[in-house]
Amino acid sequence: MGPVNDLIFLDSAGSSIPPAPVVDEVVGHLRRETEVGGYRAAAERHDDLEAGYGVLAELFGCAPSEVAFTDSATRSWLAAFDAVPLAAGDRVLVTEVEYGGNAVPMLRRAEETGATVEVMPSDRHGQVDVAALDLDERVKLISLVHVPTNGGLVNPVSEVTAKAREAGALVLLDACQSTGQIDLRGLDYDMLVCTGRKWLRGPRGTGALVVRDDVRRRLRPRLIDHSGAEWTGPGRYEPRDDARVFELWEFNVADRLGLIAAARYALAKGPDVIETEVRERAEHLREGLAALPGITVHDLGERRSGIVTFTSDRVPPVELKDRLWEENVAVTVSQLSSTRIDMTKRGLDEVVRASPHYFVTHEEIDQALERISRSGR
Ligand SMILES: *Cc1c(COP(=O)(O)O)cnc(C)c1O
């Protein structure tokens, strides 16, 4: 299954096209709920839902006990961040490409606790400058965006985590734009958040959180219910001893089954194979765009992802995006408000974002380039 009407789909960084097994799983489960009700339908899939923790663990290279299902990356991020103890004078470090949805809750908590939020310097490629990291025992958390929402760079992960460990700081990895396009197995981090709908090709309203077992014991999850903890007596409760302490009792079963199917689908194709195929397509697009008169490519980074951003010197980004949709090329616009620190530094308001997944052919990329050339004039 792919896009309809010859649509050239270049928006897997926004919300991708789910493959048939994902749709079948979601729709099939909704149908079953109409036959036997939600409780019975869920009970029938109990084993598959349990197996899902192992499937995601394989994708992230972690243990099943370290996985929690949520309804978005932001929900995962809020749950993990809220559980990190912070006090006056503590430091939280962010990258220049920090995402708006992470920045706002951090600023809010800084206000409440007296902790500070500071931006880590980037190197000349725009990636976190690991050598220049200024860490001390007051640094409690590093919020590390793996792949930003507004450009092609890929931040180093294990190198940052190694430095954080020396200072006793935790690393919260925003893998929203890397999950499903970059092989995450083997990366070292303390906590990870991802979304289902982007490169993983899962349903909307799905996400996951990874919290390493040893890290979980240093956190204090606050928003827990009778699924994250057992109500053991009228005045007592016992929190779960795994990442599911971060889950709530109620969830959309059909969507979760869809997310698990999406993760299985990615694993069957091979995260390493996907990474190579996405990189090839993005490079093809980037090189083609760079050769077009009047088009400027804005991607930073020494190592590049599947996100390609550009502007035209004639047509404003939103108008160019609209013209491309008319021409059956699906792209989006990334706005200043999503990545304010980086966009401000580079003097950018908006950029057109094209994000080709492995299901986009090289011929389609050539056609997209022709249409961008036409529409950008
Ligand atoms: C999309 C995105 C998010 C938020 O994901 P949701 O599932 O919408 O909550 C977080 N960080 C980055 C870098 C993103 O691109």
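The values are calculated or read from the model by the stated rules, or taken from the named source; none is laboratory data. Small disclaimer: the values here were computed from a predicted structure and weren't measured. Here Cβ is always computed from backbone atoms with ideal geometry, including for glycine, and neighbour counts include all displayed protein chains.
Overview of values
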read-out: Evaluation of His146 against (1) over 25 Å from Ser122 (Cα atoms); (2) crowded, with 23+ Cβ neighbours inside 10 Å (one fails), failing number; value: (1)
read-out: One residue from Glu66, Glu25, Glu44, Glu33 being in the same structural domain as Met191 (by TED's automatic domain parsing), of a type outside the set (Gly, Ala, Ser) and either within 16 Å of the ligand (Cβ to nearest atom) or under 16 Å from Ala243 (Cα atoms) (or both); value: Glu66
read-out: Verdict on Thr332 being among the polar types (S, T, N, Q) and touching a Lys or Arg at 6+ places or on another chain (Cβ under 8 Å); value: yes
read-out: Single match in Pro148, Pro85 (criterion: within 20 Å of the chain's Cα centre (by Cα) and either under 27 Å from Arg346 (Cα atoms) or at pLDDT 95 or above (or both)); value: Pro148
read-out: Any hit, the stretch 185-200, residues being away from the ligand (no atom under 14 Å from the Cβ) and of a type in the set (A, V, I, L, M); value: yes
read-out: Top-ranked residue of the stretch 310-351 - restricted to ones that are touching a Phe, Trp or Tyr at 6+ places or on another chain (Cβ under 7 Å) and within 16 Å of the ligand (Cβ to nearest atom), ranked as farthest from Leu7 (Cα to Cα); value: Thr339
read-out: Matching strands (runs of 3 or more DSSP E) fully within the stretch 193-299 where at least 3 residues are under 21 Å from the mean Cα position of the chain (by Cα) and of a type in the set (A, V, I, L, M); value: 207-211
read-out: Test: residue in the stretch 190-209 that is crowded, with 24+ Cβ neighbours inside 10 Å, farther than 29 Å from Pro21 by Cβ and of a type in the set (D, E, K, R); value: yes
read-out: The stretch 215-270: number of residues that are charged (D, E, K, R), in contact with a strand residue (DSSP E or B) (Cβ under 8 Å, 6 or more places away or on another chain) and without any contact (Cβ under 8 Å) to a residue 40 or more places away in the chain; value: 3
read-out: Extreme residue, surrounded by the most Cβ atoms within 10 Å (Cβ to Cβ), among residues of the stretch 95-120 that are touching a residue at least 40 places away in the same chain (Cβ under 8 Å) and more than 12 Å from the ligand (Cβ to nearest atom); value: Glu96
read-out: Condition check for Leu135: part of a strand (DSSP E or B) and assigned by TED's automatic domain parsing to the domain that holds Leu86; value: no
